[in-house]
Amino acid sequence: MNTIPDHIVIPFLFIIGASFGSFLNTVIYRVPEKISIIKPGSRCSSCKTPIRFKDNIPILGYFLLGGKCRHCSEPFTLRYVLIEALTAIMTVWLYLTYGLNETFFMYLVLTYLLIAITFVDIDHFIIPNGFVLIGLGALAVGIPTNWIPVEWEDAVSGAFVFAGFLFTIGLIGQFILRKESIGFGDVKLGLVLGGYLGVEYSVLALYLSFALAAIMVFIMLGGKILKKNSKIPFGPYLAGGTLIAILTKTPYGGNYILNWYYSTMF
């Protein structure tokens, strides 16, 4: 049980999360380009000048520099600081939901993976196999040790339910639309997500994922942002649905959304 006061843990985790967010920015940019994530260090994408340590402070550094390179004045995309802030917030939220324990760290791995997957999929319409392998490795550690609170039978069943549903929808969509509707990267990611969630939470996450996708498509069509033949990355919606499922845990081990559903429908 964690005995460190929240007023110490929360700021510390926020800083750690923001730092990992800075690292995820590097991963998101470099992995699809097959560039080392270790070296060279952070540098301006325009003039290639290395960014000094004091200018590379997560979140704060962006504002100290006025959102632009100190040397060439090329603007930095606001997405960098948004990813750092998102990662910091998610880190704290996971702590508030699960406490400071092994389960927290296992879900932290999944959350950071999903943040990276979201933006890589948005940029390139791919989910790198390396991300999926890291997720499978986390399952291989977390399920036998019960650090991920899912029995192994439920984890295996959840993986097949999640991935199998996506695969089936993909086949149906390809038959009807005559083009790929669900990429195989999404199916492989489904194995990881289903393993983490088990069957019941997999169904919840799938429902939330498709609901989020439908809402966003409706908004983009209404705003004339989305064209008829536009490609839509589905990884971000799988990530969103999964994170909502794991972050709506009740203090007693249930789930607020499922509790509401069961109390309303039954």
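The values are calculated or read from the model by the stated rules, or taken from the named source; none is laboratory data. Here the structure is a predicted model, which means the values were calculated and not measured. All Cβ positions, glycine included, derive from the backbone under ideal geometry; neighbour counts span all protein chains shown.
A few comments on the model shown:
- Per the listing Gly158, Gly135, the residue uniquely in contact with a Ser or Thr (Cβ under 8 Å, 6 or more places away or on another chain), assigned by TED's automatic domain parsing to the domain that holds Leu238 and among the small types (Gly, Ala, Ser) is Gly158.
- Among residues of region 233-253, those that are over 19 Å from Tyr95 (Cβ atoms) and not aliphatic (A, V, I, L, M), counted: 7
- Restricting region 14-54 to residues that are in contact with a Phe, Trp or Tyr (Cβ under 7 Å, 6 or more places away or on another chain) and either not assigned by TED's automatic domain parsing to the domain that holds Ile83 or not aromatic (Phe, Trp, Tyr) (or both), the residue that is nearest to Thr77 (Cα to Cα): Asn25
- Checked against the criterion of being closer than 21 Å to Gly130 by Cβ, small (Gly, Ala, Ser) and outside any loop (DSSP other than H, G, I, E, B), region 21-31 contains one or more residues that satisfy it.
- Meets criteria (more than 30 Å from Val150 (Cβ to Cβ) and without any contact (Cβ under 8 Å) to a residue 60 or more places away in the chain) for Pro32: no
- Looking only at region 62-99, residues that are more than 17 Å from Ile244 (Cα to Cα) and among the hydroxyl-bearing types (Ser, Thr, Tyr) come to 4 in all.
- Selected residue (criterion: farthest from the chain's Cα centre (by Cα)) from residues of region 71-83 that are at pLDDT 85 or above and in a loop (DSSP other than H, G, I, E, B): Cys72
- Every condition in (1) exposed (fewer than 12 other Cβ atoms within 10 Å of the Cβ); (2) touching a Leu at 6+ places or on another chain (Cβ under 8 Å); (3) of a type outside the set (Lys, Arg) is met by Asn229 except one, and the failing one is (2).
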